[in-house]
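Data first, discussion second: the structure below is written as structure tokens.
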Amino acid sequence: MSIDPKSDPKRKIAMRAAKEIKPGQVINLGIGIPTLIPEFLGKDMSLTIHSENGIIGAGKSSGPARADRNLIDAGGTYITTVLGAAFCDSSVSFALVRGGRLDLAFLGALEISEKGDLANWIIPGKFAPGIGGGMELAQKAKRLVITTTHATKNASAKILKKCTLPLTASACVDMIITELAVIKVSRNGLVLKEISEETDLETVIGLTEAPLIISDDLTRF
Amino acid sequence: MIDKVTSLDRALKKVKNGQIVMTGGFGVPGTPFCLIKGVLDKGVCDLTLIKNEANEAGLGISLLIEAGRVKKLITSHLGLNARVIEMMNESLIDVEFFPQGILAEKIRAGGAGLLGIITDIGIDTILCRDRQAAHVHGRQGLIEPSLRSDIALIHASRADRAGNLIYEKSARNFNPLMAMAGDLVIAEAETIVETGQIPPDEVHTPGAFVDHVVLIETLMPEYGVLKHHVH
């Protein structure tokens, strides 16, 4: 299956992001693009989805027939649970995150730096809905994958040498997945691992402010 | 026999202007709508509210905020309440944000009689600005003072007359933490059973933390499913 990044960038990103999940992992799906990831997971994939509001073992959306007034995910959507799920209070929920039991988190971004710094919670004076669970997820998930459109709507770069917005956490990002590229954060800088079938190197480099190290085994996705 | 069951009016008798009030709930689940309506009807003002979020416009604590009864909100995220964000931007309310799990932990610490916690969350962010640094285990951390309140408003699925509480599904969230951190803890319950009907192993919040239990006479529409979140 191939999704056109121009017409449906979010699903293109979600489809690629799904490949980062390994069976048996405990994962958290941030709001926005990450919530589209389950659509692209194999039916038999066994994994545990953590939701910040105290669900360990979240399932699919409930739909109207099964909506339970006491069962939502952290974004407010009525959901179901999977076999073996557990409910807990907000303290226990974040003990799981900060204590090192969360294998993988997916979050969105406003800016990402070449060192893997992430800014996604505030644009001073313009956008300040609060911190939520993002800071703890960014800083403490064992692996953090950013799912974001490659550039802003005005084609300004989001992947920068240095973040200009207040940080969510520093040096926390392991991988960036956009509709155009898969970029790994390494000690030497950002390594371009994959580009989408529908783009070319010049486009990706042109929309990225931070320098990119082109991988020897650059592939298409 | 201990009997903590009382009327809404009696339970809220000590709620006064200028108090700090903690409210359980994460979205609709666990929000004590009945107690919040009681506080609204009582007309108290200058409140400092502590809640994970501000519900949504026209619902729960948003009603108290929109009515101008709240001077300060201590919270984690307001993404689903554009009206309160607008009030914050217009300086009609003072809002203090904390990382969600840190807010939970500050409340838990308050309930546990601790002065604060030390955490490395936010260490490289603007949160450092107004926090005291601390060094533990050779690492740098930030001191987050604990949080307590004059009043804690709790929503339980089931209570017994002794005040033992059980929460349901994702309605647990901040409720058990806040039930330990209020000087006066008021719980509303959908069902109240005789003491002994809740097996001790199944109690989420021991009754010793709870001062008053109020029966929710009828589940108001606010407690129901929000259709715009059904997908």
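The values are calculated or read from the model by the stated rules, or taken from the named source; none is laboratory data. On a predicted model such as this, the values are computed, not experimentally measured, just so you know. For neighbour counting, all protein chains shown are included, and Cβ atoms are generated from backbone atoms with ideal geometry for every residue, glycine included. Ligands, DNA and RNA are excluded from the accessible area calculation, which covers all protein heavy atoms including side chains. Shrake-Rupley method; radii C 1.70, N 1.55, O 1.52, S 1.80 Å.
Residues of segment B:152-193 falling in the label zone of B:Thr6, defined by backbone nitrogen less than 16 Å from a point 7 Å along Cα to beta-carbon, are B:152-154, B:161-164, B:182-189. With a 1.4 angstrom probe, the accessible area lost at the A-B interface totals about 3500 Å². Within the shell of other residues whose beta carbon sits under 11 angstrom from the beta carbon of A:Leu47, the net charge comes to -1, with Lys and Arg scored +1 and Asp and Glu -1.
Rounded to the nearest whole Hz, the Karplus-based 3J(HN,Hα) values (6.51 cos²θ - 1.76 cosθ + 1.60, θ = phi - 60°) of segment A:205-221 follow the sequence 5, x, 9, 10, 7, 5, x, 10, 8, 7, 5, 4, 10, 4, 10, 9, 9, with x at glycine and proline.
Normalised per residue, the accessible area of segment B:59-103 is 39 Å², obtained with a 1.4 Å probe and no contribution from ligands, DNA or RNA. Whole-Hz Karplus values for segment A:108-116 come out as x, 8, 9, 8, 9, 9, 5, 8, x Hz, taken residue by residue from phi with 6.51 cos²θ - 1.76 cosθ + 1.60 and θ = phi - 60°; glycine and proline positions read x.
Computed over the alpha carbons of chain A, Rg followed by Dmax gives 17.3, 52 Å. Which percent, nearest 5, of DSSP beta bridges in segment A:80-184 are antiparallel? Restricted to segment A:80-184, the bridges split so that about 50 percent are antiparallel. Farthest toward the positive end of the dipole of chain A, out of A:Ala105, A:Asn53, A:Leu29, is the Cα of A:Asn53, where the dipole comes from beta carbon charges about the Cα centre. Taking Cβ atoms as reference points and 10 Å as the exclusive limit, the residues near A:Lys6 contribute a net charge of -3, counting Lys and Arg as +1 and Asp and Glu as -1. Scaled to the globular estimate 2.2 N^0.38 Å, the Cα spread of chain B, given as radius of gyration, is 1.02.
Counting only DSSP beta bridges with both residues in chain B, the antiparallel share comes to about 30 percent. Annotation: amide H-H contacts under 5 Å for A:Gln25 (H modelled 1.01 Å from N, sequence separation of 5 or more, or interchain): A:Thr48. Only Lys, Arg, Asp and Glu carry charge here, each on its Cβ (+1 for the first two, -1 for the last two); on that basis chain A has a dipole of about 360 debye about its Cα centre. Take the Cα of A:Ser2, go 7 Å toward its beta carbon, and the backbone nitrogen atoms of segment A:199-220 under 12 Å from that spot belong to A:199, A:220.
Round to the nearest 0.05 the FRET efficiency obtained for A:Arg220 and A:Asn154 when R0 = 30 Å and r is the Cβ-Cβ distance.
0.65
Taken one residue at a time, the phi angles of segment A:89-96 give Karplus couplings (6.51, -1.76, 1.60, θ = phi - 60°) of 7, 5, 5, 5, 4, 8, 4, 4 Hz. Gly and Pro are set to x. Think of each Lys and Arg Cβ as +1 and each Asp and Glu Cβ as -1; about the Cα centre, that makes the dipole of the protein assembly as shown roughly 320 debye. For A:Gly132, nonlocal amide neighbours, meaning residues 5 or more places apart or on other chains whose placed amide H falls under 5 Å from its own, are B:His77, B:Gln100.
Think of it as helices only: each DSSP H run of n ≥ 4 in the protein assembly as shown is worth -39500 (n - 2.57), and spread over all residues that comes to -5000 deg cm²/dmol at 222 nm. The stretch between A:Lys162 and A:Ile213 holds 16.7 nm of extra length on full extension. This uses 0.36 nm per residue minus the Cα-Cα distance.
On the accessible surface of segment A:9-220, probed at 1.4 Å, how many percent belong to carbon and sulfur atoms? Walk me through the numbers on the way to the answer.
On the way: 4730 of 9170 Å².
The C+S portion of the solvent-accessible surface of segment A:9-220 is 52 percent.
What net charge do the residues around B:Thr75 carry, taking every other residue with its C-beta under 13 Å from that of B:Thr75, with Lys and Arg at +1 and Asp and Glu at -1? Local charge sum for B:Thr75: 0. DSSP assigns beta bridges within segment A:9-220; of those with both partners inside it, close to 50 percent run antiparallel.
In this structure, the amide hydrogen of B:Ala134, modeled 1.01 Å from its nitrogen in the peptide plane, lies closer than 5 angstrom to those of B:Gly141, B:Leu142, B:Ile143, counting only residues at least 5 positions away or on a different chain. How large is the translational diffusion coefficient of the protein assembly as shown in µm² per second when you combine the Kirkwood radius over alpha carbon pairs with Stokes-Einstein at 37 °C and 0.692 mPa s? Translational diffusion coefficient: 143 µm²/s.
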